[in-house]
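The values are calculated or read from the model by the stated rules, or taken from the named source; none is laboratory data. The structure presented is a predicted model; accordingly, all values stated were derived computationally and were not measured. With ideal geometry, Cβ positions are generated from the backbone for all residues, glycine too; neighbour counts draw on all protein chains shown. Ligands, DNA and RNA are stripped out before the accessible areas are found, and what is left, the full protein with its side chains, is counted by its heavy atoms. Shrake-Rupley method; radii C 1.70, N 1.55, O 1.52, S 1.80 Å.
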Amino acid sequence: MSGQDEVYERWRTDPEGFWEEAGRSVHWFRKWDAVLDSSRPPFYRWFPGALTNSCYNALDWHVEQGRAEQAALIYDSPVTGALRVYTYRELLAEVARFGGALLRLGITAGDRVIIYMSMVPEAVVAMLACARLGAVHSVVFGGFAANELAVRISDARPKLIVATSCGIEANRIVAYKPLLDAAIEKASWKPERCIMLQRREHTADLVPERDLDWTEVMAGAQPAACVPMAATDPLYILYTSGTTGKPKGVVRDNGGHLVAVRWSMKAIYGIEPGETFWAASDLGWAVGHSYIVYGPLFHGCTTILYEGKPVGTPDPGAFWRVISQHNVRALFTAPTAFRAIKRDDPAGTYIRRYDLSGLRTLFLAGERCDPDTLLWAQKRLNVPVVDHWWQTETGWPIAANCVGLGMLPVKPGSCAKAVPGYDVRVLGEHGREAPDGEMGEIVIKLPLPPGCLPTLWNDDAGFQNAYLRPRPGYYHTADAGYRDRDGYLWIMCRTDDIINVAGHRLSTGGLEEVVASHPDVAECAVIGVADEIKGEVPLGLVVLKAGVARPAEEIAAELVEMVRERVGPIASFRLAAIVKRLPKTRSGKIVRGTIKKIADGLKYQVPATIDDPATLEEIAASLSAIGFPRRLYQR
Ligand code: COA
Ligand code: AMP
């Protein structure tokens with residue numbers, strides 16, 4: 001039995017005892033009354049009665065225990081040339097002062113604060129300052145358009161928004177302020193104040209009475225103390241794509257999150273306090289919350305905040321430069337980053353220019369990792385490559401090769417085994433457990449472990465409908481796959497309309513809403529098609545209204561612009577094809593799965609329920625006219 005199997009068994013025999021023990025390694029102002037409150041199923045709460053503070057655990061506690069002069073955060077920004085190191089003492093001072101500034105503005109426990117910032121240390125300061133006061137932060141990714149930000153403002157109802165004047169992409173500067181202003185204009189809720197961090201590369205005009213300058217707000221602010229919060233109080237809300245255009249507000253609590261994420265640093269990532277951990281992601285995603293900010297800081301590590309890309313900032317050696325310069329022990333990123341590096345430097349020439357002897361492990365997640373990419377990385381870096389599976393909702397890995405519990409043999413294409421805490425099942429027909437090797441829907445038996453979402457923001461009913469109703473007693477992951485004879489999980493695809501673009505989650509339903517709103521469009525379907533670098537990209541198939549005679553290219557270009565405007569550039573919506581009709585079943589459902597197979601050049605069967613098989617040939621011809629199927633790596 002491997003170490004991971006043994007620990008899994010220990011958890012299975014006594015789940016509450018297991019988490020009680022893990023809970024002992026963090027700081028509490030008051031211990032819990034019970035480890036788990038299961039009095040209100042299907043709602044469960046971890047560590048009820050306990051009082052803690054997530055910021056105290058991330059900073060103050062380490063300073064008190066002798067880590068004051070250790071680097072807490074290294075800000076490395078190839079797009080601006082900046083490099084700044086914050087010790088635990090310095091980061092604490094900044095956070096406490098910004099907390100004081102927030103207090104002066106009347107922010108107290110329970111208030112929501114939206115953070116719409118690029119990858120700058122002040123974004124981390126703002127997150128931790130909210131945690132310090134018990135205010136609930138909600139970070140919104142900078143690549144989203146005004147409309148997406150507006151939806152989040154209307155739902156979270158923040159008292160305050162903290163923003164940067166701009167974001168800096170490899171090829172351009174993105175002014176955030178016009179997006180922020182437009183979002184506030186559109187939103188049904190108006191924040192009282194906005195704090196603007198003016199970046200040197202582009203400054204924004206401030207709205208009198210409403211907008212404040214970060215520097216002025218900080219001037220003279222007195223450090224704020226940590227507010228003891230109930231373990232069950234929300235720490236943050238993070239919106240993620242649902243099956244409609246309306247995003248879901250995933251809630252994370254203080255206590256369960258603290259215990260689980262801290263536990264994962266050693267058990268899953270094999271990292272010791274004092275070592276450097278780098279999650280090359282964005283603060284706007286769950287990975288950024290758990291593994292740029294909270295996890296490494298809870299564990300007393302040095303974390304890296306990288307404002308750049310894997311390629312082009314300035315070259316495909318960017319990651320290796322950061323690893324060697326800051327002595328990174330473990331790197332966590334998405335397979336798409338490695339596909340981009342592999343494309344620009346197939347022989348790994350840049351890897352050999354740097355001393356990577358300190359790197360122990362590479363972790364990949366966010367999308368299915370094709371075995372080619374995993375093997376390429378393993379061979380070139382000469383370290384184990386761990387594919388692990390998780391979701392924004394869980395906040396930490398569901399299945400992984402737990403490096404800190406003893407490595408299991410790697411099976412490329414599999415995310416290894418369920419992590420202790422997760423009772424993962426594969427359900428086949430009629431909800432019965434599928435035998436090994438058989439595809440099914442993947443569910444997790446309730447209760448979910450600490451750290452996973454207790455509910456959706458202000459939406460218990462939505463939480464139940466989306467995740468608990470489909471299979472009573474289980475959390476519905478909306479992923480499909482199978483378990484093999486050795487207990488390894490293979491996550492193959494989503495069962496809903498979510499697609500995964502460069503590790504980012506997008507709802508095709510949401511994209512369809514935008515495309516369908518074009519005045520010339522009669523109906524449309526958006527599907528995810530395979531892409532060499534991003535894994536998947538959206539493709540819009542559009543039927544025009546009768547009598548529309550404008551050139552197809554003109555309309556397609558307008559659709560691309562509309563999605564960029566309303567959802568944001570991160571949707572990577574660049575492909576739109578005008579077609580005569582959409583293939584449908586006799587009951588009128590568009591056969592998206594079959595269209596996807598045609599676009600990807602895969603074998604397909606004509607669905608028995610198809611209304612008119614000729615529509616499939618028509619679609620194949622339309623797709624072929626715009627270059628499909630494309631030549632891709634083997635998936
Ligand atoms: N603010 C504003 N715009 C942003 C943005 C931000 N924070 N982040 C991305 N964008 C824009 C990009 O500039 C790009 O715009 P463009 O269409 O004008 O070129 C668009 O959104 C798509 O961005 P991205 O998906 O990052 O694609 P890319 O072509 O710029 O880079 C990769 C491709 C593979 C290099 C990139 O996706 C990457 O580094 N991925 C790493 C994986 C990752 O972070 N995963 C997160 C989960 S772990
Ligand atoms: P997100 O919430 O953005 O992290 O996206 C979660 C989704 O990404 C999951 O439901 C999966 O569909 C997919 N995903 C994440 N990690 C993996 C992985 N290691 N293997 C396969 N799919 C993954």
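Determine, yes or no, whether Phe573 is of a type in the set (Phe, Trp, Tyr), under 18 Å from Gly540 (Cα atoms) and more than 16 Å from ligand 1 (Cβ to nearest atom).
On the way: of a type in the set (Phe, Trp, Tyr): yes; under 18 Å from Gly540 (Cα atoms): yes; more than 16 Å from ligand 1 (Cβ to nearest atom): no.
The answer is no for Phe573.
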> Given the conditions (1) more than 16 Å from ligand 1 (Cβ to nearest atom); (2) open to solvent by less than 50 Å² (accessible area, probe 1.4 Å), which single one is not true for Leu602?
Replying inline: (2)
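Can you spot a residue in the range 491-498 that is more than 15 Å from ligand 2 (Cβ to nearest atom) and not assigned by TED's automatic domain parsing to the domain that holds Ala557?
Taking the range 491-498 first, the residues more than 15 Å from ligand 2 (Cβ to nearest atom) are none.
So far as the range 491-498 goes, no, none of its residues is more than 15 Å from ligand 2 (Cβ to nearest atom) and not assigned by TED's automatic domain parsing to the domain that holds Ala557.
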>> Please verify whether Thr392 is within 13 Å of ligand 1 (Cβ to nearest atom) and assigned to a helix (DSSP H, G or I), treating the condition exactly as stated.
In response: no
> Conditions: (1) open to solvent by less than 30 Å² (accessible area, probe 1.4 Å); (2) of a type outside the set (Ser, Thr, Tyr); (3) out of contact with any strand residue (DSSP E or B) (no Cβ under 8 Å at 6 or more places or on another chain). Glu185 meets all but one. Number of the miss?
Replying inline: (1)
> Pick from Ile499, Ile527: which is within 16 Å of Ala334 (Cβ to Cβ) and of a type outside the set (Gly, Ala, Ser)?
Replying inline: Ile499
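Taking the stated definitions as given, is Val515 of a type in the set (A, V, I, L, M, F, W, C) and within 27 Å of Val35 (Cα to Cα)?
no
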> Condition test on Ala58, is it closer than 18 Å to Gly256 by Cα, part of a helix (DSSP H, G or I) and small (Gly, Ala, Ser)?
Replying inline: yes
> Which residues, counting only those in the range 255-293, are more than 16 Å from ligand 2 (Cβ to nearest atom) and open to solvent by 10 Å² or more (accessible area, probe 1.4 Å)?
Replying inline: Arg262, Trp263, Lys266, Gly270, Glu272, Pro273, Gly274, Glu275, Thr276
>> Could you check the range 48-71 and list, in sequence order, the residues that are among the charged types (D, E, K, R) and free of Cβ contacts under 8 Å to residues at least 40 places away in the same chain?
In response: Glu64, Glu69
> Can you find even one residue in the range 133-146 that is away from ligand 1 (no atom under 15 Å from the Cβ) and closer than 26 Å to Phe573 by Cα?
Replying inline: yes
> Among the residues of the range 576-597, which ones are in a strand (DSSP E or B) and among the hydrophobic types (A, V, I, L, M, F, W, C)?
Replying inline: Ala576, Ala577, Ile578, Ile590
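Is there a residue in the range 315-336 that is part of a strand (DSSP E or B), under 14 Å from the mean Cα position of the chain (by Cα), over 30 Å from Ser517 (Cα atoms) and assigned by TED's automatic domain parsing to the domain that holds Ala123? I'd like the intermediate steps shown before the answer.
We begin by selecting, within the range 315-336, every residue part of a strand (DSSP E or B); these are 328-333.
Subset that is under 14 Å from the mean Cα position of the chain (by Cα): 332-333.
In the following step, the residues that additionally are over 30 Å from Ser517 (Cα atoms) were identified as 332-333.
Those left that are additionally assigned by TED's automatic domain parsing to the domain that holds Ala123: none.
No, that holds for no residue.
Taking the residues in the range 353-380 that are within 16 Å of ligand 1 (Cβ to nearest atom) and over 20 Å from the mean Cα position of the chain (by Cα) as candidates, determine which candidate is surrounded by the most Cβ atoms within 10 Å (Cβ to Cβ). Step through it out loud before you land on a result.
Here is the first cut: in the range 353-380, the ones within 16 Å of ligand 1 (Cβ to nearest atom) are 361-370, 372-374, 376-377.
Among the residues that remain, those that are also over 20 Å from the mean Cα position of the chain (by Cα) are: 361, 372-374, 376-377.
Numbers: Thr361: 20, Asp372: 17, Thr373: 22, Leu374: 21, Trp376: 18, Ala377: 25.
By that ranking, first place goes to Ala377.
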> Which of the residues that make up the range 613-624 are within 14 Å of Arg586 (Cβ to Cβ) and open to solvent by 50 Å² or more (accessible area, probe 1.4 Å)?
Replying inline: Pro613
>> Considering only residues that are under 23 Å from Trp320 (Cα atoms) and of a type in the set (Lys, Arg), which ones fall in the range 374-418?
In response: Lys379, Arg380
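Could you check, for the range 448-459, whether at least one of its residues is modelled with pLDDT of 95 or more and within 13 Å of ligand 2 (Cβ to nearest atom)?
Start the filter on the range 448-459 by keeping residues that are modelled with pLDDT of 95 or more, which leaves 448-459.
Okay, now just the ones that are also within 13 Å of ligand 2 (Cβ to nearest atom), so 452-453.
Yes; the residues of the range 448-459 include at least one that is modelled with pLDDT of 95 or more and within 13 Å of ligand 2 (Cβ to nearest atom).
Identify the residue in the range 2-18 that is of a type in the set (Asp, Glu) and closer than 15 Å to Val424 by Cα and, among all such residues, is most open to solvent (accessible area, probe 1.4 Å). Before you say what the answer is, go through the steps one by one.
Keep residues of the range 2-18 that are of a type in the set (Asp, Glu), which gives 5-6, 9, 14, 16.
Cutting the leftovers down to closer than 15 Å to Val424 by Cα gives us 5, 9.
Values: Asp5: 38, Glu9: 69 Å².
Step by step, filter the range 2-18, then rank; the result is Glu9.
Can you confirm whether Gly255 is among the small types (Gly, Ala, Ser), in contact with a strand residue (DSSP E or B) (Cβ under 8 Å, 6 or more places away or on another chain), over 15 Å from Val139 (Cβ atoms) and modelled with pLDDT under 95? Explain how you work it out, then say what you get.
Details: among the small types (Gly, Ala, Ser): yes; in contact with a strand residue (DSSP E or B) (Cβ under 8 Å, 6 or more places away or on another chain): yes; over 15 Å from Val139 (Cβ atoms): yes; modelled with pLDDT under 95: no.
For Gly255, the condition - among the small types (Gly, Ala, Ser), in contact with a strand residue (DSSP E or B) (Cβ under 8 Å, 6 or more places away or on another chain), over 15 Å from Val139 (Cβ atoms) and modelled with pLDDT under 95 - is not met.
List the strands (runs of 3 or more DSSP E) inside the range 170-259, counting only whole elements, that have at least 2 residues being β-branched (Val, Ile, Thr). So that I can check it myself, show each step before the final result.
Working: elements: 173-175, 193-197, 211-213, 234-240, 248-253.
Qualifying strands (runs of 3 or more DSSP E): 173-175, 234-240, 248-253.
Identify, from the list Pro223, Pro228, Pro191, the residue that is open to solvent by 80 Å² or more (accessible area, probe 1.4 Å) and either in the same structural domain as Pro158 (by TED's automatic domain parsing) or out of contact with any His (no Cβ under 8 Å at 6 or more places or on another chain) (or both).
Working: Pro228 fails: open to solvent by 80 Å² or more (accessible area, probe 1.4 Å); Pro191 fails: open to solvent by 80 Å² or more (accessible area, probe 1.4 Å).
Unique residue meeting the criteria: Pro223.
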> What are the residues in the range 245-287 that are within 16 Å of ligand 1 (Cβ to nearest atom), small (Gly, Ala, Ser) and more than 13 Å from Val26 (Cβ to Cβ), if any?
Replying inline: Ala279, Ala280, Ser281, Gly284, Ala286
>> Looking at the range 544-575 only, could you name the residues that are farther than 17 Å from Ile626 by Cβ, in a helix (DSSP H, G or I) and open to solvent by 60 Å² or more (accessible area, probe 1.4 Å)?
In response: Glu561, Arg564, Glu565, Arg566
